[in-house]
1. Would you please classify the overall shape of segment 210-257 from the alpha carbon gyration tensor, given that a ≥ b ≥ c denote the square roots of the eigenvalues, rounded means a/c under 1.5, and beyond that prolate means a/b larger than b/c while oblate covers the rest?
2. Starting from the 7 Å offset along Cα-to-Cβ, what nm value, one decimal, do you get for the label separation of T14 and R177?
3. Would you mind checking which residues have amide H under 5 Å from C58's amide H? H placed 1.01 Å from N; only 5 or more apart, or other chain.
4. For D199 and Q25, what does the FRET efficiency come to when R0 = 30 Å and r is the distance between their Cβ atoms, rounded to the nearest 0.05?
5. Express in whole angstrom the spacing between the alpha-carbon centres of segment 18-33 and segment 74-115.
6. In terms of Cα to Cα distance under 30 Å, which lysines are near enough to K93, apart from those fewer than 8 places away along the same chain?
7. Where a ≥ b ≥ c are the square roots of the eigenvalues of the C-alpha gyration tensor, would you call the chain rounded, which needs a/c under 1.5, or, failing that, prolate if a/b is larger than b/c, or oblate?
8. If you roll a 1.4 angstrom probe over the protein chains with everything in place, what fraction of the accessible area of segment 127-166 belongs to carbon and sulfur, to the nearest %?
Amino acid sequence: METIEKAIKTHALTKGEIITLLNIQDASLLYEAADRVRRESVGDGVHLRGLIEISTVCKRNCLYCGLRRDNKKIFRSRMTPKEIITHAQAAAKAGYTTLVLQGGEEDGFGADNMAGVIKEIKRLGLAVTLSLGEKSFEEYSLYRQAGADRYLLRIETTDKTLYEKLDPGMSFENRLRCLKDLGRLGYEVGSGFMVGLPDQSVDSIADDILFLKALPVHMAGIGPFIANPDTPLANCGKDNFDLSLKAMAVIRLLMPNINIPATTAMETLRPDGRFTALKSGANVIMPNVGGDMSEYYRLYPGKARAGEVKEYRAELEKKLKAIGRFIDEGPGISKAYIAEDKK
């Protein structure tokens, strides 16, 4: 297909060409191309990001999220610094080299406490990724000085009207400010969006893809919207797996050197969803290594769980070998980030 060949050669497409790829019925050539570009650009290694969900407390009220402030059916809790560090130590012993600390957006944990946790985890020789929502420049700077390497902040949608409808009380402009602040502070910046949101168009998804390329990001997480029965969007769900996979594959063609996770949401919709994504351009998996808190961290129903830290890693190695892949034992620094640093 001419459009796919253009993307492989130039890593650039017009919005109209992106829409064409998102709308194709048989996407097998797209997935094969994305897999080829992935292999040539970032290799066959799969980076593991050990995920620790540290808090189910959230001050935001996003219509799609199970952690939303007004959801009275979710158990609210946050880990202590000691608990987080204990899980980090277990992950390090199991061979993980990078962790993601993820939680609802809140202020109760305390910025200084989080900085202390980051410093302790860095002493274990691990890379640290944070996914804690919108913060001030000063707080992002504090975490960076403490040793945080990466920050994940999904844009969710670049349609400003839709964004502010789905995220009441939040500002699209402030979201952009946060992403730009993270770049200024030297983080490896991760962002991404959901596919299949109510009132979201394919045209809008094409804008989302172009936004990530223009920012630019070093990691892009693309996941299907899965309706949570305890949110206002309970009846808006449908299977958005294929469109999500196509969007992810297009991003690999346009941004060959970035890291792209095979998201948990994809595995929730398909038992083999993560491996399908790995064969369509992805090169990162984020298994949960955070123990009991994951039982309460219900962004959406049916969220796939990783099981025990050591056992999951051993089983994963076998499955990856079967598709010609392997666990990359390094810190998983984005090649796009390394290229920027050399400029």
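The values are calculated or read from the model by the stated rules, or taken from the named source; none is laboratory data. It should be emphasised that the depicted structure is a prediction, and the values quoted were computed from it without experimental measurement. Here the Cβ is made from the backbone with ideal geometry for all residues, glycine too, and neighbour counts use every protein chain on show. Accessible surface is based on the protein model in full, side chains and every heavy atom, while ligands, DNA and RNA are left aside. Shrake-Rupley method; radii C 1.70, N 1.55, O 1.52, S 1.80 Å.
1. prolate
2. 3.7 nm
3. Distant-sequence amide H within range of C58: zero hits.
4. 0.80
5. One Cα centre to the other: 39 Å.
6. K82, K119, K122, K279, K303, K310, K318, K319, K321, K335
7. Cα axes put the chain in the rounded bin.
8. Roughly 48 percent of what the probe reaches on segment 127-166 is carbon or sulfur.
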